[in-house]
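Notes follow once the structure below has been shown.
The values are calculated or read from the model by the stated rules, or taken from the named source; none is laboratory data. Every value quoted in this text rests on a predicted model; they were computed, and no experiment measured them. Here Cβ is always computed from backbone atoms with ideal geometry, including for glycine, and neighbour counts include all displayed protein chains. Ligands, DNA and RNA are excluded from the accessible area calculation, which covers all protein heavy atoms including side chains. Shrake-Rupley method; radii C 1.70, N 1.55, O 1.52, S 1.80 Å.
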Amino acid sequence: MPPTPPLFAFDNTYARDLKGFYVRWPAEPASKPVWALVNDALAEELGVDPARLRGAEGLAALSGNAEPAGSAPLAQAYAGHQFGGFSPRLGDGRALLLGEVIDRHGRRRDIALKGSGRTPFSRNGDGKCALGPALREYLIGEAMHALGIPSTRALAVVASGDMVRRERALPGAVLTRVAASHLRVGTFEFFAAHQGPQAVEQLANYTLLRHDPALAEHPQPYLALLQAVCARQAALVARWLGVGFIHGVMNTDNMTLSGETIDYGPCAFLEAYDPDTVFSSIDTHGRYAYGNQGEIAQWNLARFAETLLPLIDPEQARAVELATAVITAFPQQLAAEWLTVMRAKLGLASEQNPAKTTVDRENGQKSAALDRALAEDFLALLHARRLDFTLAFRALYDHATGQPAPLARLFAADDGEFAAWQQRWQARQPQRDAALLETMRRANPWLIARNHRVEEALAAASEHFDLEPCRQLLAALRAPCTENPEHAAYAEPAPAAVTANYRTFCGT
Ligand code: AMP
Ligand code: MG
């Protein structure tokens, strides 16, 4: 009989190629591990047999009780700007990278534990994670993935059987996180601050190989890396804005170079549209408000650029000039991505062909300005009327498919301002073919992870170890753009009073 292959086909480049960038470290055992949720579809994608994963071997591996064969558990070093201030030493204080696997699509994915105990980077923390926040990360990550937004995802949550001390004692958990990589802006900041250009170069070369192999031959590879990371962040933040997502804690240690959303702590979705919305209990100045996320992304990217300066050009002034040009272009890049998102939401056709002539270009700019104004004006209407962001955009889609009722329910019959807007909107795109309607449908979710539904599901799990509400919510979140009467309760906004008092906590 051939020997049984390992559960995960690990191939650990981070451990092999970046010695000195981490500390090899074992997980702390969990006293009575029990599965809370297992992501069978993701397991299959990773080439892991879900039935085998759900067995004793998988439970031991994903609770921290046994090192899975081929893994090389390690805590990564990183720093980060937290709420604008530099913390030179953060690192994996409660997480461990087990290793990497190549998934069914040929993509390299990190497999990491979160909540697996103290590490040399724990400072005063206990290295643990409570069940509620672990499940929140699972739910929101899956919701984002289903919305087509790049995200790290959860492979499983195991209840550890141990209590963790927060304001009160809470059940503990270990989350298994799957990511394109865990390279962050903060990883570069750590090595720029403590070790200098040679280490940063090694890290940058690794990042290029991992995320932008085509750029390795570029005449200016590090500047090209900066551009690629900026482009991914512009696309990501525009998509967040398109679904009303507020990350809540966009510190540089929570910004990936892969362009995936990471670290679902105090995140939440907007209900009534207001760009100043903040839900996070620790974001007292609104630094990470919904409408600030673009500016903050640019600020974080500037911190990334600073770490690359010595690699971009030995002459500092020249390096600064080149990097600054990339960072200053970010707002236009974001605006272009945002316009693409908003055109899809409004059901407006984008220009098909690249502009060839000056006239083409001028026309393109004119139509972009018109479409941008249409989007901004709709948002202003929602803001002034405190209308639900998700419902309002979905109502536009319904209207476009010949169902005017939802839109008519949201706006008063004698709302002249809205009527004027609606006329402009209809004039801009009098006809839509099936493809345009499908784009519009997918851009306007019928259902998002409503904050009160998420809280309900987490409370049931945390208080009574009842995972059924989480499972049901997950099932609804998996098909967010398809209207489904069975999931109608999940699509409804919370009562306004609930949303007004809603606070999310960092989940540490
Ligand atoms: P986060 O707020 O989850 O992005 O974490 C920021 C930093 O604090 C990271 O270095 C984490 O590893 C660390 N950290 C957060 N919670 C804990 C904890 N309970 N124990 C140890 N370190 C933690
Ligand atoms: Mg973090």
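Brief remarks on what is shown
- Taken together, 53, 18, 7, 46 contain a single residue that is touching a Pro at 6+ places or on another chain (Cβ under 8 Å) and hydrophobic (A, V, I, L, M, F, W, C), which is 7.
- The numbered conditions (1) on the phi < 0 side of the Ramachandran plot; (2) more than 16 Å from ligand 1 (Cβ to nearest atom); (3) not hydrophobic (A, V, I, L, M, F, W, C) are all true for residue 266 except (2).
- Qualifying residue in the range 75-83 (condition: under 19 Å from residue 11 (Cα atoms), touching a residue at least 60 places away in the same chain (Cβ under 8 Å) and either touching a Gly at 6+ places or on another chain (Cβ under 9 Å) or more than 16 Å from ligand 2 (Cβ to nearest atom) (or both)): yes
- For the range 233-260, filtering for residues that are within 15 Å of ligand 1 (Cβ to nearest atom), under 10 Å from the mean Cα position of the chain (by Cα) and surrounded by 24 or more Cβ atoms within 10 Å (Cβ to Cβ) leaves 3.
- Pair list, Cβ < 7 Å and 6+ apart or interchain, from the range 463-483 residues that are free of Cβ contacts under 8 Å to residues at least 24 places away in the same chain to residues that are small (Gly, Ala, Ser): 466/460; 469/457; 469/460
- A single member of 442, 453 is more than 16 Å from ligand 2 (Cβ to nearest atom) and crowded, with 17+ Cβ neighbours inside 10 Å, and it is 453.
- There is at least one residue in the range 196-218 that is in contact with a Leu (Cβ under 7 Å, 6 or more places away or on another chain), away from ligand 1 (no atom under 16 Å from the Cβ) and among the aromatic types (Phe, Trp, Tyr).
- Counted residues, the range 84-112 - those being away from ligand 2 (no atom under 12 Å from the Cβ), touching a residue at least 40 places away in the same chain (Cβ under 8 Å) and either open to solvent by 10 Å² or more (accessible area, probe 1.4 Å) or more than 18 Å from the chain's Cα centre (by Cα) (or both): 17
- Listed by position, the helices (runs of 4 or more DSSP H) contained in the range 432-505 that have at least 1 residues being acidic (Asp, Glu) and modelled with pLDDT of 95 or more are 434-443, 451-464, 468-477.
For every residue, the table says whether it meets (1) open to solvent by 10 Å² or more (accessible area, probe 1.4 Å); (2) assigned by TED's automatic domain parsing to the domain that holds residue 258; (3) modelled with pLDDT under 95; (4) out of contact with any helix residue (DSSP H, G or I) (no Cβ under 8 Å at 6 or more places or on another chain).
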site	(1), (2), (3), (4)
115	no, no, no, no
121	yes, no, no, yes
127	no, no, no, yes
131	no, no, no, no
147	yes, no, no, no
155	no, no, no, no
162	yes, no, no, yes
167	yes, no, yes, yes
200	no, yes, no, no
